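As structure tokens, the structure follows; a few thoughts come after it.
The values are calculated or read from the model by the stated rules, or taken from the named source; none is laboratory data. Quick caveat, the model's predicted, so the values are computed rather than measured. Cβ: placed from backbone, ideal geometry, glycine included. Neighbour counts: every protein chain shown. Note: areas computed on protein heavy atoms with side chains; ligands, DNA, RNA excluded. Shrake-Rupley method; radii C 1.70, N 1.55, O 1.52, S 1.80 Å.
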Amino acid sequence: MASLFSGALKLTDLDDFIGPSQDCIKPIKVDKRPGSSVAKIHIEDDGSYIQVSQDGGTRKLERAKISLNDCLACSGCITSAESVLITQQSHEELRKVLRANKEAVSSPQKLVVVSVSPQSVASLAARFQLNPTDTAKKLTSFFKKLGVHYVFDTAFSRNFSLIESQCEFLQRFRSQKDGGQSLPLLTSACPGWICYAEKTHGHVVLPHLSTARSPQQVMGALVKDFFAQQQHLPPDRLYHVTVMPCYDKKLEASRPDFFNQEFQTRDVDCVITTGEVFKLLEEEGVSFPDLEPAPLDVLSSYVSTEEHTSHQGGGSGGYLEHVFRHAARELFGIHVAEITYKPLRNKDFQEVTLERDGQVLLHFAAAYGFRNIQNLVQKLKRGRCPYHYVEVMACPSGCLNGGGQLRAPDAQGKELLQQVERLYASVRTQVPEEAPGVRELYEHWLQGPGSDKAGRLLHTQYRAVERASSGFSIKW
């Protein structure tokens, strides 16, 4: 089952220990009693850990037992307690639904909808040496041949996530002078980062998290609420699949907050990764480049474009750039044409500032990868975080390098990522507020910006996860 799910997330038995090859970010606890100095860890041939003290003494360490509550969704390891989730979040489950539809005597049992992320399209485009627009259309054709009814682009739902993020930042920035909500505002579109925040630093991080839903979960609301109404069907008659660059999106889709109690259905029923789509192509014996292109579907007559689109600001959604430009214009009347990033310790930690007359007006940052995330959290814990807004992503280099993307041999990994980034950047971009259909859906579907319905369907909440104490509890 592990090989079917992920090459990075290792499924093991509940009492398995973390092997060095798994590189989990929860390290073995090292004995640091006064006078013990720095202990070294020696790994035996059988994989056991031996702690070697400075005086030469040795002690065999216990195996680190990781439960579901310990999982940080860091693409290092998860336990077999996730087995139920995995069976519900796989391309095999999609096959079952499509098969049941074909075998139905009368009408299909489910209306099957697939929403595809731009990052996944870019990864497939690089693999097949195609441009992203053609890739999106061929992918639409492939899914339709399998029996999928509608294929949408999640770049459309990202418009709502970006707009809500912009509004939320303005509200927080303006209220901070009156002792209002905390800054910096931290993005919450990355489920690996959210899982880490909720399970390790809830009291420190949670007040800073953006409540805006990720593009995947906004798309879930669009499909199971708006589109279901358009089709005159209850939400549970729709089966919604998303194609994502990240395994952690499977965990996000399974959050209780995104489950409709009335109809007993999730906003996103199944998440398959880019790699799983590639496997599906292989299993079906399909030559992807030879597929006839088919136009992407649109959610309603309000959404006139059938093109594959994206947003400015990098492969992780462009949150920093859109919020920065919007805040500069709305708060200070400054139009920002070009954004200059200042790398700090590494290319995955960068700053952006807005200055006027030598005064810093806005101070934003992007922190990718858990090493940079941990540094950011330490700044928050010490009360020394200088930023107003931080775009946080668990994967180094962001979503285009997600754990679910297609991989190249080690020697070509960097070159492949650069190619994916170039292809992603080549797609026509749009300003969220000006995207066709966005304003109309705010008015007709959400009953206006800032309405109770918009708050319910476009926002969520996060909570600290209490963990049972154990011998391996680690203070970060």
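Annotations for the structure displayed:
- Within segment 373-386, the set of residues being open to solvent by 10 Å² or more (accessible area, probe 1.4 Å) and at negative phi comprises 374, 375, 378, 379, 380, 381, 382, 384, 385, 386.
- Residues located in segment 308-334, provided they are in contact with a Lys or Arg (Cβ under 9 Å, 6 or more places away or on another chain), assigned to a helix (DSSP H, G or I) and either closer than 19 Å to residue 427 by Cα or free of Cβ contacts under 8 Å to residues at least 60 places away in the same chain (or both): 332
- Test: residue in segment 465-476 that is at pLDDT 85 or above, surrounded by 14 or more Cβ atoms within 10 Å (Cβ to Cβ) and more than 22 Å from residue 135 (Cα to Cα): no
- Test: residue 454 is over 22 Å from residue 310 (Cβ atoms), open to solvent by less than 40 Å² (accessible area, probe 1.4 Å), touching a helix residue (DSSP H, G or I) at 6+ places or on another chain (Cβ under 9 Å) and in a helix (DSSP H, G or I): yes
- Helices (runs of 4 or more DSSP H) contained entirely in segment 124-205, each with at least 2 residues that are over 30 Å from residue 112 (Cα atoms): 155-175, 191-200, 202-205
- Qualifying residue in segment 267-280 (condition: open to solvent by 30 Å² or more (accessible area, probe 1.4 Å) and over 22 Å from residue 114 (Cβ atoms)): no
- When 320, 354, 344 are checked against the criterion of being under 20 Å from residue 386 (Cα atoms), of a type in the set (A, V, I, L, M), touching a strand residue (DSSP E or B) at 6+ places or on another chain (Cβ under 8 Å) and open to solvent by 30 Å² or more (accessible area, probe 1.4 Å), 344 stands alone in meeting it.
- Long-range neighbours under 7 Å by Cβ, at least six apart or interchain, first residue free of Cβ contacts under 8 Å to residues at least 60 places away in the same chain within segment 191-216, second surrounded by fewer than 21 Cβ atoms within 10 Å (Cβ to Cβ) and hydroxyl-bearing (Ser, Thr, Tyr): 207/182
- Test: residue in segment 257-267 that is part of a helix (DSSP H, G or I) and on the phi < 0 side of the Ramachandran plot: yes
- Failed item, numbered, when residue 394 is tested on (1) at pLDDT 95 or above; (2) open to solvent by less than 40 Å² (accessible area, probe 1.4 Å); (3) closer than 22 Å to residue 166 by Cα: (1)
- Number of positions in segment 288-308 that are among the hydroxyl-bearing types (Ser, Thr, Tyr) and open to solvent by 60 Å² or more (accessible area, probe 1.4 Å): 3
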